[in-house]
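Asks: After the structure tokens below, expect a handful of questions from me.
The values are calculated or read from the model by the stated rules, or taken from the named source; none is laboratory data. Since the structure is predicted, the reported quantities are computational estimates derived from the model, not experimental observations. Virtual Cβ from ideal backbone geometry, glycine too; neighbours counted across all protein chains shown.
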Amino acid sequence: MKRLILIAALFSFAAAAQAQGASCTTTSTEKKLSGAAKNSFMKKCETDAKTSCTTQADEKKIYGAAKNSFVKKCTKDAVAG
């Protein structure tokens, strides 16, 4: 039961993180980036997203495997949109 509640909470947090801003892919398209500039932007954006997601997990007191899962999904959603 605790596992189901935790999973539901993770998905709601990830959805909230995604709703906070445009994805990296969308932003790079809007800025009309290509080639090395796009690669550099995407790498930095992914790093920033991972840092932000890790901070969110820490604030919500998510630890262990649940934290890893949350950060992975949150980062993926922020990058891909």
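Asks: Applying the selection to the stretch 53-76, what residues are outside any helix (DSSP H, G or I), surrounded by fewer than 17 Cβ atoms within 10 Å (Cβ to Cβ) and not aromatic (Phe, Trp, Tyr)? Quick ask: steps written out before the conclusion?
Replies: Going residue by residue through the stretch 53-76, those that are outside any helix (DSSP H, G or I) are 60-63.
Filter once more, keeping what is surrounded by fewer than 17 Cβ atoms within 10 Å (Cβ to Cβ): 60-61, 63.
Residues satisfying the conditions are Lys60, Lys61.
Asks: If I ask for residues that are charged (D, E, K, R) and surrounded by 13 or more Cβ atoms within 10 Å (Cβ to Cβ), which ones from the stretch 25-52 would you list? I'd like the intermediate steps shown before the answer.
Replies: The initial filter retains those residues of the stretch 25-52 that are charged (D, E, K, R), namely 30-32, 38, 43-44, 46, 48, 50.
Matches in the stretch 25-52: Lys38, Glu46, Asp48, Lys50.
Asks: Looking at Thr55, Thr26, which is the one that is modelled with pLDDT of 95 or more and of a type outside the set (Asp, Glu)?
Replies: Working: Thr26 fails: modelled with pLDDT of 95 or more.
Only one candidate passes the filter, namely Thr55.
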